[in-house]
Amino acid sequence: MNTAAVVPFVESMRSAAAALRLPGSGLAWLDATRREAMQAFVAHGLPATRNELWKYTTVRGLAQRQYAPRDDKAANRPVDEALFPPEAMDGPRAVFVNGVFRSDLSRLDRLPDGVGLQSLSSALDAEPEPLRFLLGAPKDAGDDGFTLLNRALWADGVVLRVAAGVHVRGPLHVVHVGVAADAATAWHLRSLIELGDDARLAIVEHHVGEAAAGHLANLVCNIKLHEQAHLDWVGIQRAGADATLLRCTDIQLHDDATLDFHALELGGKLARHEIRVDLAGARSRFESRGAFVLHQRQHADTELLVTHRGRDTFSHASWRGVADDRARGVVHGRILVLPGADGADGGFYNKNLLLSPSAEIDTRPALEIYADEVRANHGATVGQLDENVLFYLRSRGIPLEMARRILVRAFCAVTLERIEPPSLREHCLALLVEQLREAST
Amino acid sequence: MATQSSEVQAALSRRYEAGFVTDIESLSLPPGLDEDTIRALSAIKEEPEWMTEWRLSAYRHWLTMRQPDWAHVRLAPIDFQAISYYSAPKNKPKSLDEVDPKLLETYEKLGVPLHERAKLAGVAVDAVFDSVSVATTAREQLAKVGVIFCSMSEAIREHGELVRQYLGSVVPQGDNFFAALNSAVFSDGSFVFIPKGVRCPMELSTYFRINAGHTGQFERTLIIAEEDAVVSYLEGCTAPMRDDNQLHAAVVELVALERASIKYSTVQNWYPGDENGKGGIYNFVTKRGECRGDDSRITWTQVETGSAITWKYPSCVLRGDRSVGEFHSVALTHHYQQADTGTKMIHVGRDTKSKIVAKGISAGRSQNSYRGLVKVEKGAVNARNHTRCDSILIGKKCGSHTYPYVEVKNPTAIVEHEATTSKISDDQLFYCRSRGIGEEDAVSMIVDGFCKQVFRELPMEFAVEAKKLLEVSLEGAIG
Amino acid sequence: MLKIENLHARIAGTEILKGLSLEVNAGEVHALMGPNGAGKSTLGNVLSGRPGYEVTEGTVTFDGANLLGMEPEERAAAGMFLAFQYPVEIPGVNNTYFLRAALNAQRKARGEDELDSMQFLKLVRGKVKEMGMPAELLNRAVNEGFSGGEKKRNEVFQMALLQPRLAILDETDSGLDIDALKQVADGVNALRSPERAFLVITHYQRLLDYIVPDFVHVLDGGRIVESGEARLALELEAHGYAWVRDRTPAGAGA
């Protein structure tokens, strides 16, 4: 390789590939897949802003950085209890620290019958063949630089399966913790969640971290919901202030499957989440609500890509964002209705508050419609708090800053009000309030 | 639905009424493009040296650029060396009375009021036939109040300083691939100058017509409204039916100084190709207006029914404080047409406002996209935008797409975008039919109602034409 | 308590108040009447500090302090309350939360202890009962989905809870039917006390049948043109505002 156009980030990933002994090495099909994916990544490079899905998120700065391939001490690092979400303290949970699965912190005993939850590396050790379909593809049309990298370098993840007809009570928690290490580290996790026919499950995914842990987490998750399955998903992202978090969640719904999706984006320096929802089955339904509250120089990008493929499918998305200081919030909500997807009903609604002269909001709803028996709507607004409402609060004695906080909280809270159980909802609201308090100090 | 459609299966297939060829002797440059072509073109047009140089520098820039491929469009490759860059009727008329009667007949067929009818209608007309402007009416009347309305070629000769000051000041030579090509080879177009304080006493209008085969039409229009000036300008376009694709790459620049108002309306009916997607015009147009002065206003209104492929985003740069930009659009596509159109509203000044209303109708196997940008720059305090995009689909094989981009960098701005897409309402259709209205008529009635908000923005005689055009374009759409 | 001297104020460049003077003492109820456009609501807005109003001349003191130099929330903490002509809806902000935030912010500003949620709930529930408000009010968002009458009653309810020393009622009677009007008046009358003053802004005499004022002022053209006792309101009702104009030579003022 010539040194002329060396990108430090790409170089550090290439050397990671050479240095790491990754799970499943020795399996010929997996080794070949990883090798091919790495080649594709090197050829492809990091996503550029001319890629429409990365239009408002530049990784030019990231390209100049290098990351350690792993945190060797991750298996033993103590984790501050305060970082841990209280919600996850009593339920079953899988915990990763700096990208390494921690059985000591996880609680996978006493899982209900019909629920299988293990780390991807141990699942692969036990029985590689069923995972070949998931892990054996070196690339896909929808890939970008980071998903290719994930195919090449995934080191672990979660495999969660719920058998047909099993209704799991109470949520399972997946917790990703980032703590300070000897060097800024990059990790790549790959997860698989599969719900059998008529299975029901609730998952809460947490991202927490220490402020000074400038890691890069690159997570890919595949979710499959079989007929009539129902999944409640809540993602609570409060990664450390220096963290880079890149997530791609790919969800496929079969006939009559339903997905309720909530996201609260509060942390990280650069946090991007690409959520691809494929309403493949007839009458499948997807409802999502999300909010981001950003301050300082935070950058958050949500790419919500919904494909209506089956007949009589439904999607509704309501997302809200707040950007203060020098923060930048990016939202892209695309509804694609394929030919033949008659009866599709899709909606995407995005409202934003811009609170500072140096902040920026870029919102981009899109409709791509190739069928005619459809209803598709979208709306997007960028504005600020209503002066009249602000005055009303002040005239009742509430100081300006507090009045602002009350209104911003109310603006975002709308997206959280359907989270169950109520204790989890309260937890999310409390985090929101905490973030607003930090923002105004 | 199946029974509904079978009833109208026998509906007329669509006819393109402007699809005749006029047999007129013309003088054309041989196909091909290099610096010599440009020099020859410039020489034929007796242009001053600076103009020739301006063209050449645009050409050199163009050579460094690549044809864009980003839009949602299927496009046969264009051979820029196979196009003739100049075609003019051989006997160049000096006045309207000397205009070739066949040419006048052509405009007659198109319904362009060139003669006395123009005066009656209160419209001044400039007609561009292939590459040159053949007649401009009502000049004297306009000259009395100081309005200049003439062909671009004449403006370059007679009003060189004005042209030189404003040409390329809104759409720079290298703005995009087709604008650069236009800057190098533009053949003619209209020039309008409304001096300070003058309210133009009549509607100004230009009809564009591509007649010769293998020609491209690259017209260039420049409209300048000085302080407190007011003007309304209309543009209509047609072309004969031909099996190959012809290129139309125009550039339109509008400049509004303080308190000036420019209203620019287009009815675009270039040949769209036949029902199998053969032939038709490639309409790649750059239209941009700059509200340069405080309190100025630019309004774009367009009815797009023609062309095989349209890329067109009439835009407003709202530089002056309190300036206002508006965009009203109806885009109808049928058969294999592809339209990718919308607008850009760039808010730079304080208290600037923009409004966007876009209506899309897709039928047949066509693809119809709205693509728009609303950008609020840091200094655009209290900027306001409201955007409304509605699309209807007629039939199962067409596509309708909406791609708005909203970028806001000022915390006092309020930007609102809403869009809907649905098929033409069965309930409305049924209601009309239960009252005895045939399905085709019901469809035109509903589509007309759907577009009303935009038609209202057109001058009266254009609104009638636009409505008729929509009806003709929709023939055979139900099936 | 409240002393307004030669107040001139404008909004968006237009002068609305043109030299208004008025003094209100503790325990008094003043009614301010006048035709549309006289400047009645402008006065309420200027006194409570709504942004957008510019005072060009004159002074306003509240217990001797310069009112015009205070932020809206400082005025509230000092004991001023404006019942809005058009109370705003605040979706997503729960009434209980809102009221507690307001009350505690005021208490804090005055150096009093804040109420914890138990204490507050007890207080607010008591008030709900006392004022005959529907109990579910507390769980709803502020004014969201309220009818015009409910909104006005809610303003009076807030006043009862926050216990201001000077309450300004800005056309609280407008748009109310007779039953709602009585309820609002009962709420106000229950709050009358020697420590508390009211400035009742209204277009019609009707409200003053139920809230009997100590003084009536007629505002026209941005200044007070006539002052008197409760009887003045009845005369106004009988003769109309033109009657006052005829009696008052141009340029004369209170």
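The values are calculated or read from the model by the stated rules, or taken from the named source; none is laboratory data. Nothing here was measured: the structure is a model prediction, and the numbers come from that model. Here the Cβ is made from the backbone with ideal geometry for all residues, glycine too, and neighbour counts use every protein chain on show. Just so you know, the surface numbers come from the protein's heavy atoms only, side chains and all, with ligands and any DNA or RNA stripped out. Shrake-Rupley method; radii C 1.70, N 1.55, O 1.52, S 1.80 Å.
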TODO: Among what's in the range C:191-206 and is touching a residue at least 60 places away in the same chain (Cβ under 8 Å) and among the aliphatic types (A, V, I, L, M), pick the residue that is surrounded by the most Cβ atoms within 10 Å (Cβ to Cβ).
DONE: C:Ile201
- [ ] State the number of residues belonging to the range C:211-244 that are in contact with an Asp or Glu (Cβ under 8 Å, 6 or more places away or on another chain) and open to solvent by 30 Å² or more (accessible area, probe 1.4 Å).
- [x] 6
Task: the range B:370-391 - residue that is of a type in the set (Val, Ile, Thr) and either crowded, with 24+ Cβ neighbours inside 10 Å or under 21 Å from the mean Cα position of the chain (by Cα) (or both) and, of those, farthest from B:Thr352 (Cα to Cα) - done: B:Thr387
TODO: Scan the range B:169-203 residue by residue and report those that are under 30 Å from B:Arg66 (Cβ atoms) and open to solvent by 20 Å² or more (accessible area, probe 1.4 Å).
DONE: B:Ser169, B:Pro172, B:Gln173, B:Gly174, B:Asp175, B:Asn176
- [ ] Inspect the range B:398-412 for any residue being within 20 Å of B:Gly476 (Cβ to Cβ), more than 23 Å from the chain's Cα centre (by Cα) and open to solvent by 40 Å² or more (accessible area, probe 1.4 Å) and give the result as yes or no.
- [x] no
TODO: Exactly one condition in (1) open to solvent by less than 40 Å² (accessible area, probe 1.4 Å); (2) without any contact (Cβ under 8 Å) to a residue 40 or more places away in the chain is not met by A:Pro357; state its number.
DONE: (1)
Task: Test for A:Ala282: is it at pLDDT 95 or above and either at negative phi or not aliphatic (A, V, I, L, M) (or both) - done: yes
TODO: Among the residues of the range A:279-298, count how many are among the aliphatic types (A, V, I, L, M) and open to solvent by 10 Å² or more (accessible area, probe 1.4 Å).
DONE: 2
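Among the strands (runs of 3 or more DSSP E) confined wholly to the range A:308-412, which include 1 or more residues that are within 14 Å of chain C (Cβ to nearest Cβ)?
Output list reads A:314-323, A:344-354.
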Open item on the list: For the condition of a type outside the set (Gly, Ala, Ser) and within 21 Å of the chain's Cα centre (by Cα), what is the one hit in A:Asp197, A:Asp156?
Closed with: A:Asp156
TODO: Have a look at A:Gly379, A:Gly329, A:Gly346 and point out the one that is surrounded by 24 or more Cβ atoms within 10 Å (Cβ to Cβ) and closer than 20 Å to A:Glu52 by Cα.
DONE: A:Gly329
Open item on the list: Can you say whether B:Ala127 is open to solvent by less than 10 Å² (accessible area, probe 1.4 Å), among the hydrophobic types (A, V, I, L, M, F, W, C) and at pLDDT 90 or above, as far as the supplied structure shows?
Closed with: no
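Taking the options C:Gly37, C:Gly27, C:Gly79, name whichever one is open to solvent by 20 Å² or more (accessible area, probe 1.4 Å) and either of a type in the set (A, V, I, L, M) or more than 29 Å from C:His239 (Cα to Cα) (or both).
When all the criteria are applied, what remains is C:Gly27.
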Task: Total residues in the range B:412-433, condition more than 7 Å from chain A (Cβ to nearest Cβ) and touching a strand residue (DSSP E or B) at 6+ places or on another chain (Cβ under 7 Å) - done: 1
Open item on the list: Where the second residue is open to solvent by less than 20 Å² (accessible area, probe 1.4 Å) and not in a loop (DSSP other than H, G, I, E, B) and the first is within 7 Å of chain A (Cβ to nearest Cβ) and among the basic types (Lys, Arg) and lies in the range B:396-411, which pairs have Cβ atoms under 7 Å and are six or more apart or on separate chains?
Closed with: B:Lys409/B:Val376
Open item on the list: For the structure I just gave you, tell me whether B:Leu393 is facing chain A (nearest Cβ under 10 Å), within 26 Å of A:Leu336 (Cα to Cα) and in contact (Cβ under 8 Å) with a residue 24 or more places away in the chain.
Closed with: yes
Task: Within the range C:150-186, tally of residues that are within 14 Å of another protein chain (Cβ to nearest Cβ), in a helix (DSSP H, G or I) and among the aliphatic types (A, V, I, L, M) - done: 5
Open item on the list: I'm trying to understand the selection: among the residues of the range C:68-118, which are more than 9 Å from every other protein chain (Cβ to nearest Cβ) and β-branched (Val, Ile, Thr)?
Closed with: C:Thr96
Task: Evaluation of B:Glu47 against (1) modelled with pLDDT under 85; (2) in a loop (DSSP other than H, G, I, E, B) (one fails), failing number - done: (1)
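Let's see how each residue does on (1) within 25 Å of A:Glu373 (Cβ to Cβ); (2) of a type in the set (D, E, K, R); (3) open to solvent by less than 20 Å² (accessible area, probe 1.4 Å); (4) in contact (Cβ under 8 Å) with a residue 40 or more places away in the chain:
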position: B:Ile424; (1), (2), (3), (4): yes, no, yes, no
position: B:Phe430; (1), (2), (3), (4): yes, no, no, no
position: B:Ile437; (1), (2), (3), (4): yes, no, no, no
position: B:Asp441; (1), (2), (3), (4): yes, yes, no, no
position: B:Ser444; (1), (2), (3), (4): yes, no, no, no
position: B:Pro459; (1), (2), (3), (4): no, no, yes, yes
position: B:Phe462; (1), (2), (3), (4): no, no, yes, yes
position: B:Ala466; (1), (2), (3), (4): no, no, yes, yes
position: B:Leu469; (1), (2), (3), (4): no, no, no, yes
Task: Selection from the range A:5-45 of residues that are open to solvent by 30 Å² or more (accessible area, probe 1.4 Å) and in a loop (DSSP other than H, G, I, E, B) - done: A:Ala5, A:Val6, A:Val7, A:Leu20, A:Arg21, A:Ser25, A:Gly26, A:Leu27
Open item on the list: For the range B:308-327, which positions are farther than 15 Å from B:Thr387 by Cα and either in a loop (DSSP other than H, G, I, E, B) or open to solvent by 30 Å² or more (accessible area, probe 1.4 Å) (or both)?
Closed with: B:Ala308, B:Arg319, B:Gly320, B:Asp321, B:Arg322, B:Ser323
Open item on the list: Quick check on the range A:161-172. Is at least one of its residues farther than 17 Å from A:Ala271 by Cβ, open to solvent by less than 10 Å² (accessible area, probe 1.4 Å), in contact with a strand residue (DSSP E or B) (Cβ under 8 Å, 6 or more places away or on another chain) and not in a strand (DSSP E or B)?
Closed with: no
Task: The one condition in (1) without any contact (Cβ under 8 Å) to a residue 40 or more places away in the chain; (2) within 17 Å of A:Val174 (Cα to Cα) that A:Gly99 fails to fulfil - done: (1)
Task: Hey, C:Leu17 away from chain A (no Cβ under 14 Å) and open to solvent by less than 10 Å² (accessible area, probe 1.4 Å) or not - done: yes
